[in-house]
Amino acid sequence: MSCQDAIGVFDSGLGGLSAVKEFLHVLPNEKIIYFGDTGRVPYGNRSRETISKYAFQDASFLLKHNVKTIVAACGTVSSVAGDMLEERLPVPYTGVVNPTAFIADRKTKNGKIGIIGTAATISSHSYKLRLEKLNPKYKVYEQACPLFVPLVENGFICRDDQIVRLVIRRYLSELKETGVDTLILGCTHYPLLRDAIADFMGDGVTLVDSGYETAIYCAKILRENKLLNTSGEHYTPEFYVSDTPDGFKSVAGLFLGRDMEHTVTQIDIEQY
């Protein structure tokens, strides 16, 4: 590994691009290689065995590009297969659970913390267990929001959209009634619904973005391992997907918050 090697980021689909957006801001001198497993999305309703298999294939693909660290920008993978990846990968690894839980721990004032994520993330109780290790007195409330991912990937993200508001109310009404003052967006798709979620939850609730906190934590890992790129060069991110790239650019632009002008390459992930 060298400082000039890339950071490898992967997700089950496009949601991890919201984390890439934060990486490009927090670590502007780093090269990013992103793989989105668009051919097998979503992971959130798969078995633990399938998620673990897919996660290791995704990481194996990135390792072929001589990356210096691997980031699972996916709440599902981080929750279900994170320990396996950390144990088996030959480079530093991070998911989104630990960095996000640490910040939620710092933000909460009343000890009531909400977590929203995919069905697999919520059933793993990964965030809840991590928070309870940090403070056993916390009251942690979990809610699966399976329709959030298809909403986002089909462009339904506007805070004023009636469909968006109805779905958010359906999932978050009971959570709001618990009095949480901190809400973890436990899926990298969810920051695109941030405004609508914030409107519903109210000003007294702090939203914690797993993508941003993971970028901050990755910078810390690179610094501790003396792997930060300080050359001052600016690199063009590389994007790979497992299904046809058609339509990728228009949707990717939503996640990145800017026009998507880069080449997108399709690969056969089953080879890894």
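The values are calculated or read from the model by the stated rules, or taken from the named source; none is laboratory data. In this text, all values refer to a predicted model and were calculated from it rather than measured experimentally. Don't worry about glycine lacking a Cβ; one is built from the backbone with ideal geometry, like all the others, and counts go over all protein chains shown. SASA here: full protein model, heavy atoms, side chains in, ligands and nucleic acids out. Shrake-Rupley method; radii C 1.70, N 1.55, O 1.52, S 1.80 Å.
Amide H to amide H, with H built 1.01 Å from N, Tyr141 comes under 5 Å of Ile113, Gly114, Ile115, counting only residues 5 or more places away or on other chains. If you roll a 1.4 Å probe over the heavy atoms of the protein chains, what accessible area per residue do you get for the range 98-211, in Å²? On a per-residue basis, 47 Å². Taken over the chain, the percentage of Cα pairs per 10 Å bin, counting from 0 up to the bin with the maximum distance, is 7, 32, 37, 20, 4, 0.
Classified by the C-alpha gyration tensor, the range 113-173 has a prolate form. Its axis ratio a/c, with a ≥ b ≥ c, is 1.5 or above, and a/b is larger than b/c.
Within the shell of other residues whose beta carbon sits under 10 angstrom from the beta carbon of Gln266, the net charge comes to -3, with Lys and Arg scored +1 and Asp and Glu -1.
If Lys and Arg each add +1 and Asp and Glu each add -1, what is the summed charge of the other residues whose beta carbon sits under 11 Å from the beta carbon of Glu30?
Values: positive: Lys31, Lys68; negative: Asp5, Glu233.
Here the count lands on 0.
Placing unit charges on the Cβ atoms of the charged side chains and taking the dipole of the chain about its Cα centre, the candidate lying farthest along the positive direction among Ala120, Val41, Ser231 is Ala120. Please say if the range 192-272 is rounded, prolate or oblate, where rounded means a/c under 1.5 for a ≥ b ≥ c the square roots of the C-alpha gyration tensor eigenvalues, and otherwise the choice is prolate for a/b larger than b/c and oblate otherwise? Oblate is the answer for the range 192-272, as a/c is 1.5 or above yet b/c matches or exceeds a/b.
In terms of the mean number of neighbouring beta-carbon atoms within 10 Å, the peptides 213-221, 153-161, 113-121 order highest first as 113-121, 213-221, 153-161. Available extension along the chain between Glu87 and Lys137 is 15.0 nm, counting 0.36 nm per residue and deducting the alpha carbon span.
Convex hull over the alpha-carbon atoms of the range 98-211: what's its volume per residue in Å³?
Working: hull volume 9.8 nm³, N = 114.
Residue-normalised Cα hull volume stands at 86 Å³.
The label-point distance for Ser250 and Leu63, in a model that sets each label 7 Å from Cα toward Cβ, rounds to 3.8 nm. Considering only Gly111, Pro146, Gly247, and ranking their Cα positions along the charge dipole of the chain that arises from unit charges at the beta-carbon of Lys, Arg, Asp and Glu, the one farthest toward the positive end is Gly111. Label separation (Glu49 vs Asp181): 4.6 nm, computed from points 7 Å beyond Cα along the C-beta direction. Pairwise Cα distances in the range 63-151 exceed 21 Å in 36 percent of cases.
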